[in-house]
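Before any comments, here is the structure.
Taken together, the values in this text are just the output of simple stated rules run on the coordinates, not laboratory data. Since the structure is predicted, the reported quantities are computational estimates derived from the model, not experimental observations. A quick note on method: Cβ atoms are made from the backbone with ideal geometry, for glycine too, and the neighbour counts reach across all protein chains shown.
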Amino acid sequence: MPALMAMLALAVSSFLLMLFAFALLHKASGFARFTGFVAAYRILPTATVGIVSALLILVETVTVALLVWAPLRAVGLYSAAALLLLYGVAIGWNVRRGRTHIDCGCGGPAHAVSAPLALRNLCLALGAGMCAAVPTQLLDQAQAAVALAAGVMAWLIFQLASIALSILHRAGTTASLKNERTSS
């Protein structure tokens, strides 16, 4: 049973590593765009948006590095959980204020903030936190390979689901715009 838990923790770590690495690339490759996403949340004073955006990128960079390095992977998982919790709360706050037109700025396909998106982040944070508490155990090569493959597959499925949801959201938005035009 401990080996199975260690495999699960490694799978979740590899999933989160890929999630944060790709989100980080998206944010760092378009810093001005990312600061626009942060500003759109209207949580921070305008003067602090740039520095907070840079700090978020720095913390995500450190999180990715920690998730790669086995001796500090648990710290990386706690860091990932904290970031996901922070992002989930920011998304939820905007949903509560009725500001569901803004893009989450998560990286990848555009997603409007929504309650399910906030819940997704909170569930990912919970999973990261739970896996961080799993004691580190050496896995044999086969166990490690299976765990890493499971994490990669989970990330691929997550990405495909993200793309599908983005397409459905855009299709729904387009359909409602057409309905508004024909009714006026």
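In table form, for the structure just shown:
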| item | result |
| --- | --- |
| Residues CYS131, CYS123, sorted so that the one with the fewest Cβ neighbours within 10 Å comes first | CYS123, CYS131 |
| Magnitude of the charge dipole, segment 2-183, Cβ model with Lys/Arg +1 and Asp/Glu -1, debye to 20 | 640 debye |
| For VAL75, VAL95, order by how many other beta-carbon atoms lie within 10 Å, fewest first | VAL75, VAL95 |
| FRET efficiency estimate (nearest 0.05) - Cβ-Cβ, MET5 to LEU72, R0 30 angstrom | 0.95 |
| Label-point separation in nm, ALA54 to THR136, each point 7 Å along Cα→Cβ | 3.2 nm |
| Under the span-like rule (Cα at least 30 Å along the axis, Kyte-Doolittle mean at least 1.0), DSSP H helices of the chain | 2-29, 73-96 |
| Separation between Cα centres of segment 1-39 and segment 124-171, rounded to whole Å | 10 Å |
| Two-decimal Rg to Rh for segment 34-155 - Kirkwood Rh, Cα set | 1.03 |
| Residues LEU55, LEU83, LEU10, sorted so that the one with the fewest Cβ neighbours within 10 Å comes first | LEU55, LEU83, LEU10 |
| Relative contact order %, segment 2-183, counting alpha carbon pairs below 8 Å whose residues are six or more apart | 32 percent |
